[in-house]
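Quick notes on the structure that follows.
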Amino acid sequence: MQQGSPRFVHGKIHHNTGSGIFYRMEVAIPERIDFVPGQFAMVSGWPGNDPLLPRPLAIFRSGGVRGKGTVEFVYKVVGRGTALLSGLHAGDPIALTLPLGHGFEFPGEDRSWWLVGGGVGFSSVFPAAVALDGQRADFEIFLGARTRDQLPPGEWIPGGSVPGRVHLCTDDGTAGFFGTVAAALRDRIDRWRPTGPARVAILACGPREMLKVVAELALPLDIRVQVSLESHMACGFGVCWGCVTAVWDGEKSGYRRVCKEGPVFDAREIVW
């Protein structure tokens, strides 16, 4: 899938609904945009300049007909910026720069996909699930949170009606697997018995320590892992170099911008 070219647009909110800490926002924009799952937008819509910087939100869906477009986000309120976004209503103006970053890659050969989202990482995992569901690909979703109330609504999970596809994980055991999402993945790997060459790939987004454990579990088994890194961002398109991560460049290490060369990287590249 080709990565879309970014543009700055003014939009208007169609709806921004939710309850508690989870929200789903659809925005009308002048024309349809194409994006790759894992790409994101820099979003701002609150009055005044406090906070000054926009907030990155993973793009969930895009659509549109006859020269008009829509873009949709699912997000969790985790700080002041997203709290202000959650207070916006239908008809409010909003500014977007999108699509940004390097998204997930979907190799053409047949394989099964394990999608792992920890904390707010579900917002990057869900678009990948939408794409795979549209391709009728075989995939499973692992979603982790500290407690039941911090898991996203079940009706938001793409393809979630298929029995056995979604694995909920909570640190306190209030929903699904009792333990971390990485522990649930370890259990799934232990039960994994391929009948031929390994055709499993993992797409993951969440806290860095979780991503590190996922990589350590899967890479020795020759399972390809793509990770979407979370980072504070200022500009969102690579000018300020404020969101770098260390990567391997041969036997030496260098730096890449999470907002530009990422947020999705091959897990083998990251200096964990």
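Look at the alpha carbon pairs under 8 Å that are at least 6 residues apart: their mean separation over the length of segment 1-97 gives a relative contact order of 39 percent. By how many degrees, 0 to 90 and rounded to 10, does the Cα axis of helix 122-134 deviate from the longest principal axis of the chain? The angle comes out at about 80 degrees. Full extension of the segment from Ser253 to Trp192, taken as 0.36 nm per residue of separation minus the current Cα-Cα distance, would add 18.6 nm. Within segment 191-272, the GluC sites (Glu not before Pro) that combine a DSSP coil assignment with at most 15 other C-beta atoms in a 10 angstrom radius are Glu251.
Based on DSSP, what percent of beta bridges with both residues in segment 136-271 are antiparallel, to the nearest 5?
Here the share of antiparallel DSSP bridges comes out near 45 percent.
In loop segments of segment 64-135 as defined by DSSP, the trypsin sites (Lys or Arg not before Pro) with at most 13 further C-beta atoms inside 10 Å of their C-beta are Arg66, Lys68.
Relative to the longest principal axis of the Cα atoms of the chain, the long axis of helix 208-218 makes an angle of roughly 30 degrees. Considering only His89, Ile33, Tyr75, and ranking their Cα positions along the charge dipole of segment 1-159 that arises from unit charges at the beta-carbon of Lys, Arg, Asp and Glu, the one farthest toward the positive end is His89.
Extending 7 Å from Cα along the Cβ direction at Cys240 and again at Ala183 yields two label points whose distance is 3.8 nm. Three principal axis extents describe the C-alpha atoms of segment 9-57; from largest down they are 30, 26, 21 Å. Normalised by the number of residues in segment 69-183, the mean separation of alpha-carbon contacts (under 8 Å, six or more apart) gives a relative contact order of 20 percent. First compute the accessible area of segment 16-102 with a 1.4 Å probe, then give the percent of it belonging to carbon and sulfur atoms. Exposed carbon and sulfur together represent 53 percent of the surface.
Name all residues of segment 20-35 having a backbone nitrogen under 20 Å from the label point set 7 Å from the Cα of Arg66 along its Cα→Cβ direction, giving them as ranges. Residues 27-33 fall inside that zone. Both the radius of gyration and Dmax for segment 1-116 are 14.8, 50 Å, in that order, over alpha-carbon atoms. Overall, the accessible surface of segment 122-268 at a probe of 1.4 angstrom is composed of carbon and sulfur to the extent of 50 percent. Just to confirm a number: summing +1 for Lys and Arg and -1 for Asp and Glu over residues other than Gly242 whose beta-carbon lies under 15 angstrom from that of Gly242, what do you get? Once positives and negatives cancel, what remains is +2.
In a fully extended conformation the segment linking Glu31 and Thr174 would gain 47.2 nm over its present Cα-Cα distance, using 0.36 nm per residue. For segment 40-56, backbone phi angles converted through the Karplus equation (6.51, -1.76, 1.60; θ = phi - 60°) give residue-by-residue couplings of 9, 10, 8, 10, 8, x, 7, x, x, 10, 10, x, 6, 8, x, 10, x Hz, Gly and Pro being listed as x. Adding -39500 (n - 2.57) for every DSSP H run of four residues or longer, then dividing by how many residues the chain holds, sets the calculated 222 nm ellipticity at -4500 deg cm²/dmol. Based on alpha carbons, the Rg and Dmax found for the chain are 18.2, 59 Å. A cut-off of 5 Å between modelled amide H atoms, ignoring neighbours fewer than 5 places along the same chain, links Glu230 with Gly206. Taking all protein chains into account, the per residue accessible area for the chain stands at 48 Å² (1.4 Å probe). Extension gain for Asp138 to Ser112 (0.36 nm times residue separation, less C-alpha to C-alpha distance): 8.9 nm.
In the chain, Cα pairs under 8 Å separated by at least six residues give a relative contact order of 17 percent.
The values are calculated or read from the model by the stated rules, or taken from the named source; none is laboratory data. Just so it is clear, the structure is predicted and the values come from calculations on it, not from any experiment. Note that each Cβ is placed from the backbone with ideal geometry, even for glycine, and that neighbours are counted across all protein chains shown. Side chains are part of the model used for accessible areas, which takes the heavy atoms of the whole protein and leaves out ligands, DNA and RNA. Shrake-Rupley method; radii C 1.70, N 1.55, O 1.52, S 1.80 Å.
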